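Chemist: Questions regarding the structure given below will be posed in turn.
The values are calculated or read from the model by the stated rules, or taken from the named source; none is laboratory data. Here the structure is a predicted model, which is why all the values come from computation and not from measurement. Glycine gets a Cβ as well: all are built from the backbone with ideal geometry, and neighbour counts include every protein chain shown. Each accessible area value is taken on the protein alone, full model and side chains, heavy atoms only, with ligands, DNA and RNA left out. Shrake-Rupley method; radii C 1.70, N 1.55, O 1.52, S 1.80 Å.
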There are 2 protein chains.
Amino acid sequence: LAGRGLGFNRVAMCELFALNGSVPTAATFSFNGFSARGGETGEHADGWGMAFHDGDGCRVFIDAGRACDAPLAHFLRQHPLRARNVLAHVRKATQGAVALANCHPFQREWLGRHWLFCHNGDLKDFRPPLDGSALPVGSTDSEWAFCWLLQQLRRRFSVAPAWPQLAPVLAELVAQVARHGSFNLLLTDGQALYAHACTRLAWLERQHPFARAHLVDRDIEIDLATANAPGERMAVVATAPLTRGEPWQAFLPGELRVFEGGRSVWHQVTPLSIPEVALAP
Amino acid sequence: LAGRGLGFNRVAMCELFALNGSVPTAATFSFNGFSARGGETGEHADGWGMAFHDGDGCRVFIDAGRACDAPLAHFLRQHPLRARNVLAHVRKATQGAVALANCHPFQREWLGRHWLFCHNGDLKDFRPPLDGSALPVGSTDSEWAFCWLLQQLRRRFSVAPAWPQLAPVLAELVAQVARHGSFNLLLTDGQALYAHACTRLAWLERQHPFARAHLVDRDIEIDLATANAPGERMAVVATAPLTRGEPWQAFLPGELRVFEGGRSVWHQVTPLSIPEVALAP
């Protein structure tokens, strides 16, 4: 993938997963593979989280243990919760103790919507002043960056923005944060999914005719045509491809993409201001 | 109980439960009885929620169905999560549709802490202006009142207050809301538990020597001495007593109590400004 995107062979500090669907969609198959990275096929055993967000209704599940064998993760693999936006994160602690308060996704209400945020990367000395409109509860660089993003957005918007308004402003703010380190992120208000890559992130669209997909992390294959109706669409984002046999695409360094209604609807690449290699862990 | 507190024979619109412990405590036994009221022994089948809050780490579980037979409620009855503060709510919709966005507990971050809020009652025409620092996501009177309380508190405090600072200010604000209807509430920042009654609320302290307790709603009895170590204490709050054979005490109308370290540490009664009977559903 060199030359056209990001390589997938670097050890990430955390792993990200997101799904954006045209209809409420279960992410059970993907989470089955993804959660194996939380202590089984990956060493990200310092907590995990999964969120289901339909715009108004929003549910966040977090746990300080290993996603691969936590009873709550087992519950979520067994009981498909459906949502138009699903986020998941497995954590390998770099900044901040192993604690529930440091588990992603982080959640804040802004302009009458719940906003959810996950981060993979490491920000060096990024502690800009916060005005108190949103403050971190835990001790991670990630939650501080999320609060700063919301603070800056709060100054630009007085009514909840739709993605065409939000995306260009977000791209500008995210580029400012990315000067301080690696800032791979997922953000959603339950309507649109925003994903930004500094180092590693891949995405995929699924639509009719649905193919068969085989998990990379577990020996499980499903026929996506039986799990999804012909008119349904979904986009999937992950730190590294979760399946074999599907056309995963790498994000470019500095790329922000917006997914809505199960498809990629907007993207912009802001060149990273310092060499990408200097940002890596 | 007439003359000294609140009767327990009125049909409530929702039911509240809280536990405040000196150490992280499982509420599995209590939730077993309480969740039966969500569609089995009670008609509160329009959603439910349960939260576990230790000051920094905070987990909220909500569900739009019946607590008595929801798979997630079953999971929580089977897998004891321990926390110093536990809240639960079963909902009978009065204002706002049956939807995840209208399930309690509601959650907002203020001054670097997660605040959780549950309400039982009905507020008439209570839609005071909100400045945008906290806005409702759903459509209930309850969430609006929570956002208003946080907005008013935000104007009084610039660092997170401990309960001795917060309690008298909260009592004053809650009394203002209670002019508009029935405002039985639970509020916690994970440190202290604040509980206010207009109509129905009861509380109980448990400490060594622990007794046997028998659930009112299910035929289950436990020996609390085997479930708790001698030095542990806990306070339990519920709309109506959950057990037989324990000395539950009724809140007075207009009473705010603070529980911390597993005991009642503060209380104040602000007489309700209009007759209590006029507030009832």
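Chemist: Among the residues of region B:271-278, are any under 21 Å from residue B:117 (Cβ atoms), open to solvent by less than 70 Å² (accessible area, probe 1.4 Å) and either hydroxyl-bearing (Ser, Thr, Tyr) or assigned to a loop (DSSP other than H, G, I, E, B) (or both)? Please lay out each step first, then the result.
Modeler: Kept after step one, since they are under 21 Å from residue B:117 (Cβ atoms), are these residues of region B:271-278: B:272.
Now drop any that are not open to solvent by less than 70 Å² (accessible area, probe 1.4 Å), which leaves B:272.
Remaining after also requiring either hydroxyl-bearing (Ser, Thr, Tyr) or assigned to a loop (DSSP other than H, G, I, E, B) (or both): B:272.
Looking for residues that are under 21 Å from residue B:117 (Cβ atoms), open to solvent by less than 70 Å² (accessible area, probe 1.4 Å) and either hydroxyl-bearing (Ser, Thr, Tyr) or assigned to a loop (DSSP other than H, G, I, E, B) (or both), one finds at least one in region B:271-278, hence yes.
Chemist: Mind checking whether some residue in region A:181-190 is more than 30 Å from residue A:96 (Cα to Cα) and under 19 Å from the mean Cα position of the chain (by Cα)?
Modeler: No, region A:181-190 contains no residue that is more than 30 Å from residue A:96 (Cα to Cα) and under 19 Å from the mean Cα position of the chain (by Cα).
Chemist: Say whether the condition of being closer than 21 Å to residue A:255 by Cα and touching a helix residue (DSSP H, G or I) at 6+ places or on another chain (Cβ under 7 Å) is met by at least one residue in region A:219-232. It would help to see each step written out before you state the result.
Modeler: Start the filter on region A:219-232 by keeping residues that are closer than 21 Å to residue A:255 by Cα, which leaves none.
Checked against the condition, which is being closer than 21 Å to residue A:255 by Cα and touching a helix residue (DSSP H, G or I) at 6+ places or on another chain (Cβ under 7 Å), region A:219-232 yields no hits at all.
Chemist: Still on this structure, please answer the following. Quick one: residue A:10 ticks every box in (1) open to solvent by less than 20 Å² (accessible area, probe 1.4 Å); (2) at pLDDT below 90; (3) out of contact with any helix residue (DSSP H, G or I) (no Cβ under 7 Å at 6 or more places or on another chain) bar one, so which box is it?
Modeler: Here residue A:10 meets the rest and fails (1).
Chemist: Has region A:82-97 got at least one residue that is of a type in the set (D, E, K, R), open to solvent by less than 10 Å² (accessible area, probe 1.4 Å) and not in a helix (DSSP H, G or I)? Can you show your working first?
Modeler: Filtering region A:82-97 for residues of a type in the set (D, E, K, R) gives A:82, A:84, A:91-92.
Going one step further and asking which of them are open to solvent by less than 10 Å² (accessible area, probe 1.4 Å), we end up with A:91.
Of the ones still in play, those that are also not in a helix (DSSP H, G or I) are A:91.
Yes: one or more hits.
Chemist: Right, next: Taking the residues in region A:113-127 that are open to solvent by less than 40 Å² (accessible area, probe 1.4 Å) and under 27 Å from residue B:130 (Cβ atoms) as candidates, determine which candidate is nearest to the other protein chains (Cβ to nearest Cβ). Outline the logic, then answer.
Modeler: Start the filter on region A:113-127 by keeping residues that are open to solvent by less than 40 Å² (accessible area, probe 1.4 Å), which leaves A:114-123, A:126.
With the extra rule that they be under 27 Å from residue B:130 (Cβ atoms), the set shrinks to A:114-117.
Values: A:114: 6, A:115: 10, A:116: 12, A:117: 12 Å.
In this case the residue turns out to be A:114.
Chemist: Quick one: is residue B:52 buried (at least 24 other Cβ atoms within 10 Å of the Cβ), facing chain A (nearest Cβ under 10 Å) and not in a loop (DSSP other than H, G, I, E, B)? Let's see the steps before the verdict.
Modeler: Numbers: buried (at least 24 other Cβ atoms within 10 Å of the Cβ): yes; facing chain A (nearest Cβ under 10 Å): yes; not in a loop (DSSP other than H, G, I, E, B): yes.
For residue B:52, the condition - buried (at least 24 other Cβ atoms within 10 Å of the Cβ), facing chain A (nearest Cβ under 10 Å) and not in a loop (DSSP other than H, G, I, E, B) - is met.
Chemist: Mind telling me which of the residues A:277, A:258, A:269 ends up being over 17 Å from the mean Cα position of the chain (by Cα) and at pLDDT 95 or above? Before the answer, list the steps.
Modeler: On the way: A:277 fails: at pLDDT 95 or above; A:258 fails: over 17 Å from the mean Cα position of the chain (by Cα).
Testing whether each residue is over 17 Å from the mean Cα position of the chain (by Cα) and at pLDDT 95 or above leaves just A:269.
Chemist: If we keep just the residues of region A:59-79 that are within 7 Å of chain B (Cβ to nearest Cβ) and in a helix (DSSP H, G or I), which is most open to solvent (accessible area, probe 1.4 Å)?
Modeler: Checked region A:59-79; the qualifying residue most open to solvent (accessible area, probe 1.4 Å) is A:71.
Chemist: Do any helices (runs of 4 or more DSSP H) lying entirely in region A:136-247 carry at least 1 residues that are of a type in the set (S, T, N, Q) and crowded, with 19+ Cβ neighbours inside 10 Å, and which ones are they?
Modeler: Values: elements: A:141-156, A:163-178, A:224-227.
Where helices (runs of 4 or more DSSP H) fall fully within region A:136-247 and carry at least 1 residues being of a type in the set (S, T, N, Q) and crowded, with 19+ Cβ neighbours inside 10 Å, they are A:141-156.
Chemist: Just checking, which of B:179, B:200 is in contact with a Leu (Cβ under 6 Å, 6 or more places away or on another chain) and charged (D, E, K, R)? Working first, answer last.
Modeler: On the way: B:179 fails: in contact with a Leu (Cβ under 6 Å, 6 or more places away or on another chain).
Within the list B:179, B:200, the selection yields B:200.
Chemist: Being at pLDDT below 90 and either out of contact with any strand residue (DSSP E or B) (no Cβ under 9 Å at 6 or more places or on another chain) or open to solvent by less than 10 Å² (accessible area, probe 1.4 Å) (or both) is the filter here; which residues of region A:15-29 pass it?
Modeler: The answer is A:27, A:28.
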